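See below for the structure under consideration.
The values are calculated or read from the model by the stated rules, or taken from the named source; none is laboratory data. Given the structure is predicted, the values throughout are model-derived calculations rather than measurements. Virtual Cβ from ideal backbone geometry, glycine too; neighbours counted across all protein chains shown. The protein model used for the area step is the full one, side chains on, heavy atoms only, and it has no ligands, DNA or RNA in it. Shrake-Rupley method; radii C 1.70, N 1.55, O 1.52, S 1.80 Å.
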Amino acid sequence: MRPLFRGARLGLEHTSRQALERLGQELGFELAYVSEPVADATEAEVAARAARAARLDLLLVQHVTFATGDAFLPLLELPIPVGLWALPEVWESGPLPQNAICGLNLGVSLAQKPTKWFYGSAEDSWFQARLKLTLDALRGARVLREGRVLALGGHAPGFFAFAAMPQTGLTVEKAELTELWDALAAVPEAAVAEQAAAFRELSEYPVEALRELFRLELALEKLAQPYDGVALREWPEIPDKVGVMAYAAMARLADRGYTFAPEGDVLGLASLLALRAVSGQPAILLDISHFSPKGILLWHGGEAPQAWAGGPTRLVPHFNRNLPAVRDMSLRAGPISGLRLLPGGKAVVHGGLLNGEKGYDGDSGYLTRPTWAAEPLTPRQFLASWFNHRIPHHMAVGMGAHEEALLEMCTWLGLEVLPARPEERRLVW
């Protein structure tokens, strides 16, 4: 604020703080640091040091009144996400009370890195909608910057694109499948028996035939506990050595909040974690497995959690190996959002609707009314864009319509969002 303006003497910053504290209870954020009013460059430097020490996810710089750049540039230059917020004028005629929106205009014109503007009181719906979107976006950005995952066994044979690693700050620790074999050997028989006794899901197998599945589930859980997620090479070694497929074990662990990416897809795992953070719901990886007038059939081998089920679930044999077991279910109808992180600091953001119709055995559903970076496409244009950009074959999807938050998340992270590329006839390279 500038003390010369009348608005500097109205206590607006105090009422804003109280309103933000109430809003935090509703939107799920903590007001972790509040500075004293900043009126010059020296005070801005003090506030900037304190804000940095507070390890904030977002610094919201409130223009109570107009202020010149020297009073807020040290805050804009912090290596954390920054928002500039102007309060409305308290009256509309006579002496100009605050000129805060002009200060906001000056601020955004001086920003040299992604900086989001906000306008209105903390009670205004426009302000709240913009802030909620930013909070969702920053939850995704935070896990991609600060998360820790395990790559267990490397990528599946020949799936070379899945060897790519994230470039957002996510920590990836690598381990060989020997660690899984050791964890399997360490599972007590009593723990397997306890899992069997608690099993309630519909199944084509008697419970006794699923004992090795339960053992694998317990071993994977033990390895996954220290991490935000695990990218697992679940074939061919696991079925060859253990005699079961890992998918039902992964599905049951997903029911309990764990995040697994099949076939060692680390960037797919990172995409799942971001989708989960943004949506508040589990996310899944799917293949594009069929194209028809119904839409684009999305499918995978049967590791989806029951939260995604559009009806009853059951455990059935794997479609190729005829081994236990995969979770068979239709994917629930409704809006979805997609994210695919790519090497070179790039990403695809997409969405659409699942129609609730089941396809192949495993988890499946038809994608209809697709969108790409929030722009509507036909299913054929979507498919063409996916192939023309040569996107790896795992599509990470989350529940709900969150494309706006994902697009903002990519901006905060400095990721380039690829545009649709729907050329359907000529070669695109």
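So if I place +1 on the C-beta of Lys and Arg and -1 on the C-beta of Asp and Glu, and nothing else carries charge, what would the dipole magnitude of the range 278-429 be about its Cα centre? I want it in debye, nearest 20. Each step should come with its number before you reach the end.
Details: 14 positive and 13 negative charges, 74 e Å.
I would put it at about 360 debye.
Given axes a ≥ b ≥ c from the Cα gyration tensor, I'd like to know whether the range 1-67 is rounded (a/c under 1.5), prolate (a/b larger than b/c) or oblate.
In terms of gyration-tensor shape, oblate.
Going by a ≥ b ≥ c, the root eigenvalues of the Cα gyration tensor, does the range 1-122 fall in the rounded group (a/c under 1.5), the prolate group (a/b larger than b/c) or the oblate group? Write out the running numbers ahead of the final one.
Details: a/c = 1.61, a/b = 1.20, b/c = 1.34.
It comes out oblate by the Cα gyration axes.
In square angstrom, what is the accessible area per residue of the range 194-283 with a 1.4 angstrom probe? Kindly include the intermediate steps, with their values, before the conclusion.
Details: 3110 Å² over 90 residues.
For the range 194-283, the solvent-accessible area averages 35 Å² per residue.
Just the number: Rg to Rh for the range 131-175, Cα atoms, Kirkwood Rh, two decimals. Present the calculation step by step, with values, prior to reporting the outcome.
Numbers: Rg = 13.7 Å, Rh = 12.2 Å.
Rg/Rh for the range 131-175 comes to 1.13.
With all protein chains present, how much of the accessible area of the range 295-421 (probe radius 1.4 Å) comes from carbon and sulfur, to the nearest whole percent?
On the way: 2340 of 4520 Å².
Whole-percent figure for carbon plus sulfur exposure: 52.
Give the relative contact order (percent, whole number) for the chain; include only Cα pairs under 8 Å separated by 6+ residues. Write down the numbers at each step before the final one.
Values: 920 pairs, mean separation 53.4, N = 429.
Result for the chain is 12 percent.
I need the shape label for the range 343-429. Rule: rounded when a/c is under 1.5, else prolate if a/b > b/c, else oblate, with a, b, c from the alpha carbon gyration tensor. Numbers along the way, then the final one.
On the way: a/c = 1.73, a/b = 1.18, b/c = 1.46.
The shape class here is oblate.
Lys and Arg at +1, Asp and Glu at -1: add these up for the other residues within a Cβ distance under 14 Å of GLY140 and post the number. List each step's numbers first, then the result.
Working: positive: LYS132, ARG139, ARG142, ARG145, ARG276, ARG340; negative: ASP57, ASP136, GLU146, ASP228, GLU403, GLU404, GLU408.
Around GLY140, the charge tally is -1.
Using modelled backbone amide H atoms (1.01 Å from N, in-plane), which distant-in-sequence or interchain residues come within less than 5 Å of SER203's amide H?
The answer is LEU315.
Got a number for carbon plus sulfur as a percent of the range 146-215's accessible area, 1.4 Å probe?
Details: 2070 of 3720 Å².
On the range 146-215, the fraction of accessible area on carbon and sulfur atoms equals 56 percent.
Taking 26 Å as the cut-off for C-alpha to C-alpha distance, list the pairs among LYS241/LYS346; LYS174/LYS241; LYS294/LYS346; LYS113/LYS346; LYS132/LYS346 that go past it.
Values: LYS241/LYS346 37 Å; LYS174/LYS241 21 Å; LYS294/LYS346 30 Å; LYS113/LYS346 18 Å; LYS132/LYS346 24 Å.
Long pairs (Cα-Cα over 26 Å): LYS241/LYS346; LYS294/LYS346.
Report the calculated FRET efficiency for ASP182 and ALA54 (r = Cβ-Cβ distance, R0 = 51 Å), to the nearest 0.05. Don't skip to the answer; put the middle values down first.
Working: r = 42 Å, r/R0 = 0.82.
Efficiency, rounded to the nearest 0.05: 0.75.
Quick one: the Cα spread of the chain along its three principal axes, in angstroms, biggest first?
Per principal axis, max minus min of the Cα coordinates gives 80, 55, 36 Å.
Looking at the range 157-214, which GluC sites (Glu not before Pro) are DSSP coil and have at most 13 other C-beta atoms within 10 Å of their C-beta? Please list the in-between numbers first.
Working: sites: GLU173, GLU176, GLU179, GLU189, GLU194, GLU201, GLU204, GLU208, GLU212; in loops: GLU176, GLU201, GLU204.
The qualifying sites are GLU176, GLU204.
With a cap of 14 neighbouring Cβ atoms within 10 Å, and only residues DSSP puts in a loop, list the GluC sites (Glu not before Pro) found in the range 23-85.
Values: sites: GLU26, GLU30, GLU43, GLU45, GLU77; in loops: GLU30, GLU77.
Of the GluC sites (Glu not before Pro), the ones in loops of the range 23-85 whose Cβ has at most 14 other Cβ atoms within 10 Å are GLU30, GLU77.
Taking H placed 1.01 Å from N in the peptide plane, check which residues at least 5 places from HIS63 or on another chain put their amide H under 5 Å from its amide H.
TRP85, ALA86, LEU87
Provide the per residue accessible area, probe 1.4 Å, for the range 1-113, rounded to a whole number of square angstrom. All intermediate terms of the calculation are to be shown ahead of the outcome.
On the way: 6190 Å² over 113 residues.
Value for the range 1-113: 55 Å² per residue.
Placing +1 at every Lys and Arg Cβ and -1 at every Asp and Glu Cβ, with all other atoms neutral, what dipole size does the chain have around its Cα centre, in debye to the nearest 20? Mind dumping the intermediate values first?
Details: 40 positive and 49 negative charges, 144 e Å.
It comes to approximately 680 debye.
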